[in-house]
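Structure first, then comments.
The values are calculated or read from the model by the stated rules, or taken from the named source; none is laboratory data. Given the structure is predicted, the values throughout are model-derived calculations rather than measurements. Cβ sites come from the backbone with ideal geometry, for glycine too, and all protein chains shown count toward neighbours. Surface accessibility is based on the protein's heavy atoms, side chains included, excluding ligands, DNA and RNA. Shrake-Rupley method; radii C 1.70, N 1.55, O 1.52, S 1.80 Å.
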Amino acid sequence: MKDTYCLLMRSSIFVDNIFYRSCWKLLIPHNVAVFMWKLAKNKVATRSNLKHRNINKAELDHLCLMCHLEEEDNNHLLFACSFSQKIWQNCYNWIGVQLAQHCEPIQYFHMHTCYWLGKSKTIIWRVMWCAMVWSIWCHKNKIIFEGVELDFDDTMEHIRLREWSWLATKVNNFSYSFYEWYMNPAYCIKLLML
């Protein structure tokens, strides 16, 4: 019995199932939960996925829009691209934590499971993770559809605002102003109990 449990715990099917169930329970907008589900299923419309579907046939159109160095797949665009890595590192510095960065969305998501902090803190960490991923994706789309330039500061501001607004609207006792959140998110998280 113990061996079967250990095998299941290491199984990607088990991990994926936890991710699928978790993304629908998060305190995030429904369209973002749908995006997270698509991300886990590798169905996000990245340049690589569009190329594999024969939608994007131009020779260089499969390269990452942000760094122009590697193929734009889920992992590269949201986690491994130099722009995305800078965003993740800056977010973690702002929050006051240090984490190793992975390039697989589901494993990266599970790094934000903080059992030692309790279920409520895990939910908050996961909401923050989703805000970071969603903001990078939205910025990429603004570059394509609105013609904006690659903008690190704008992306960071949207991450902070999304995290605060999602938590402020979905968590009953989240009474922190945006200024308080912006200046010291770790303190707000520490005091917050769901």
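With respect to the numbered conditions (1) in a loop (DSSP other than H, G, I, E, B); (2) surrounded by 16 or more Cβ atoms within 10 Å (Cβ to Cβ); (3) among the small types (Gly, Ala, Ser), which one is the sole condition not fulfilled by Ser175?
The single condition Ser175 does not satisfy is (2).
Can you name every residue in the range 43-67 that is open to solvent by 40 Å² or more (accessible area, probe 1.4 Å), assigned to a loop (DSSP other than H, G, I, E, B) and modelled with pLDDT of 75 or more?
Selection gives Lys43, Ala45, Arg53, Asn54, Ile55, Asp61.
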